[in-house]
Each structure stands twice: as structure tokens, then as C-alpha cells.
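Accompanying notes for the structure given below.
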Amino acid sequence: MSVPKPQWFRDDAVMVSTAPTCGIAKGGGLLYAFDLSTGQRIDCTDPETGAMVPLIDDVLLSDMEELRKGGKETPTLRFVRREDVSLRLAVPTYYDRRYHEAFVRAMERLEFRGFRRVTIASMIADRQITIRHGHGSAPKDLRVGDIPYIKVSDLRAGMVNINPTNRVPKKWAERMWGGTTSGLHAYDLLSPERASRNIGDFCVLMPGQEDLLVTKEVIVVRPGPEAFFDAFYLLWALTLRVVRDQWRRVVFMQTNREDVGDRYHEIEIPLAPDAVSAHAVSQSFREYFLALATAREGLSRYLASGEHHFFVPGAETGADDAPAGP
């Protein structure tokens, strides 16, 4: 017996809904809609009783209703060419092109005149950037020593936040480094690659923070040997909203064990036409972090006496053994 095809069915395309809600909350109950401007729950009229009832946040239902009306696409419902769909990547959000389309439109604005759209993969291939992973994980019973251990939770708000109570022995760090140094450079850009909701948020490694053991769930990005730009330009490009939003497409889940594999290589960023332009657009980032580095260095020198219980990398040596002040 043949199955009748719905009106919207197409042989050459797959219908994909990237609806973020389906009316069910995490706890299994109903997911109500809220007015973001007031924080109040939205009510609506029940079509059967006429009574006011809470509005259910169910974008998936709205998509299916539009589909039933004749296959009309919505911001979260679209048809994807059959040959573009892979069973290896059978996750709806991967086929959500809204974020990339927003990037393409942004690149047409006047301020991006002369810039080119390039993928992270092409920049790696052209040796304009280099990307490496962190060193590895440290067992909890080894987290006593001299070398700070950086977890994904330590990457917040653009900074690598060192926990001075979470360190490992230097010999263990050297074993994970594969040598006597970490291989990290000042102003490297670090981002969680997995195990964090902050995947795609980049933080800056400040001078004095190079001797770290970084968990393997982090990627480290820096300008490559063929780059005509510095790390501050990369930070400017990677933190543009139209670039940051593209990470939503390659992060498939919101669990704390998610990773992006190498799918982030597909993300596009703007590439400046020359070094002068790259320097100009990223000047505010450069001024901020260089000024911050100077201030940290000055505070580090002041704290070197050990009179204060305050941690700045490079000034902590001997602090625990320093005599108490008068």
C-alpha cells in the first residue's frame, strides 16, 4: 500500500526545522512564553473556552502549522537540497543558514569594503593562523605545585583567570608540555572547544601567564607565519557578533560534554585587505590589552614584596613565606 505524499513533500529537498522550543521545559512540564521586555508570562485566549491561559512557547508547532498550510518556509523552517544533507551530520541546527546569511549581508556594509570572506579552514591552509589544542588534563590529586592548571571554566569574559590554588607540579606539567616550556605565547587567543557553554568565546593570554598547563578541551589560536595581522586583529574578527553567532550552527548540543570537532573550520571571518586596515580596525582591542598588560606589570612589581595576599602571575613567588607586615 502506497503512502500518500503530503502537499509539501519534495524529492529533491529535505525539510529541516531548527525550532529552538517544542513546548516542553527541561523538567518535563509545559514551557511558557515570557515577554522579554517585562519578564512577565504571556497570556492568550483559549479558542475553545475563551478563557485567558498561559501561552505555550512551541516554535516547532508553529513551523509544522506553516508546513501544513502548503510548505511555507519560516525563519526556523526551510528546505535543504537533498545532496547537501549528510546522515553523519543529521542534526537540524547544522543546516540553519541564518547566521551565515547574516554574516554575508554584514560584509556588504560600507565598513567592510575591501574585506574578504574567508573560512577558518582556509586561513589554516594559507598559514595565516595556527591552531593547537591544550596540553591535557591533570588528576585532582596532583593539583598541588607551581604551575597553574587552566580548565575551561577559567576562560571567562575575555581573560584567562588563573586560580592560584589549582596548580600542578612542574615535572608533571613538563610531561604534558612535551618539553620544558608550555609553548604558549603572550596574547594567544584561547577558547573552550568542548565541555563548556562558552565554546567560541575567545580569551587573551596576558604576558606573565605563559607557564600554564591548559586542559586539552581548549583551542589556542595565534597569527601564523604568513599573517600580516596580529592577535588583536584576530580577536576583533572573532568577536564580531556576525562571526560569533556562526558558532551556534556547529555546536550541536547544550550539554556540558559537547564538542565542535573540526566543524568550526567552516566559520567565516572578515579578512582585511592589508596590514594597515587590520591594524586600524583592531586598535581599540590593542590599546586596551596593552594598557592592561602595562598595569599588570606595575602591580606585579609592587606585589613582589609579598606584603599583600593578592595574586598576579609573576608576583606570587615567596608570597606564602613572606613575613607579616607591621
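Let's see how each residue does on (1) in a loop (DSSP other than H, G, I, E, B); (2) in contact with a helix residue (DSSP H, G or I) (Cβ under 9 Å, 6 or more places away or on another chain); (3) of a type outside the set (A, V, I, L, M, F, W, C):
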position	(1), (2), (3)
P20	yes, yes, yes
T49	yes, no, yes
E83	no, no, yes
A102	no, yes, no
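Working only within the range 213-222, note down all residues that are crowded, with 22+ Cβ neighbours inside 10 Å and touching a helix residue (DSSP H, G or I) at 6+ places or on another chain (Cβ under 8 Å).
Result: L213, T215, V218.
Taking the range 265-310 on its own, how many of its residues are among the aromatic types (F, W, Y) and touching a strand residue (DSSP E or B) at 6+ places or on another chain (Cβ under 7 Å)? First the steps, then the outcome.
Going through the range 265-310, the residues among the aromatic types (F, W, Y) turn out to be 285, 288-289, 302, 310.
Keeping just the survivors that are touching a strand residue (DSSP E or B) at 6+ places or on another chain (Cβ under 7 Å) gives 289.
Number of matching residues: 1.
Here's the yes/no breakdown for (1) free of Cβ contacts under 8 Å to residues at least 12 places away in the same chain; (2) loosely packed, with under 12 Cβ neighbours inside 10 Å; (3) among the β-branched types (V, I, T); (4) assigned by TED's automatic domain parsing to the domain that holds D245:
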site: A19; (1), (2), (3), (4): no, no, no, no
site: Q40; (1), (2), (3), (4): yes, yes, no, no
site: P47; (1), (2), (3), (4): yes, yes, no, no
site: S62; (1), (2), (3), (4): no, no, no, no
site: G71; (1), (2), (3), (4): no, no, no, no
site: T76; (1), (2), (3), (4): no, no, yes, no
site: R81; (1), (2), (3), (4): no, yes, no, no
Of (1) surrounded by 13 or more Cβ atoms within 10 Å (Cβ to Cβ); (2) out of contact with any strand residue (DSSP E or B) (no Cβ under 8 Å at 6 or more places or on another chain), V152 fails just (2)
Over the range 73-113, the set of residues at pLDDT 90 or above, in contact with a strand residue (DSSP E or B) (Cβ under 8 Å, 6 or more places away or on another chain) and within 14 Å of I267 (Cβ to Cβ) is H100, F103, V104, M107
Over the range 148-191, the set of residues part of a strand (DSSP E or B), within 12 Å of L212 (Cβ to Cβ) and of a type in the set (D, E, K, R) is R167
Given the conditions (1) surrounded by 19 or more Cβ atoms within 10 Å (Cβ to Cβ); (2) free of Cβ contacts under 8 Å to residues at least 24 places away in the same chain, every one holds for E193 apart from (2)
Within the range 163-191, of all residues that are modelled with pLDDT of 90 or more and within 30 Å of F252 (Cα to Cα), the one nearest to the chain's Cα centre (by Cα) is S191
Within the range 192-234, the count of residues that are assigned to a strand (DSSP E or B) and not basic (K, R) comes to 10
Taking the range 89-133 and the residues there that are more than 30 Å from A19 (Cβ to Cβ) and of a type in the set (D, E), the one that is surrounded by the fewest Cβ atoms within 10 Å (Cβ to Cβ) would be E111
Q.
Among the residues that make up the range 270-278, is at least one of them assigned to a helix (DSSP H, G or I), of a type in the set (A, V, I, L, M, F, W, C), at pLDDT 95 or above and touching a Phe, Trp or Tyr at 6+ places or on another chain (Cβ under 7 Å)?
A. yes
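The values are calculated or read from the model by the stated rules, or taken from the named source; none is laboratory data. Fair warning: this is a prediction, and the values are worked out from it, not measured in the lab. Don't worry about glycine lacking a Cβ; one is built from the backbone with ideal geometry, like all the others, and counts go over all protein chains shown.
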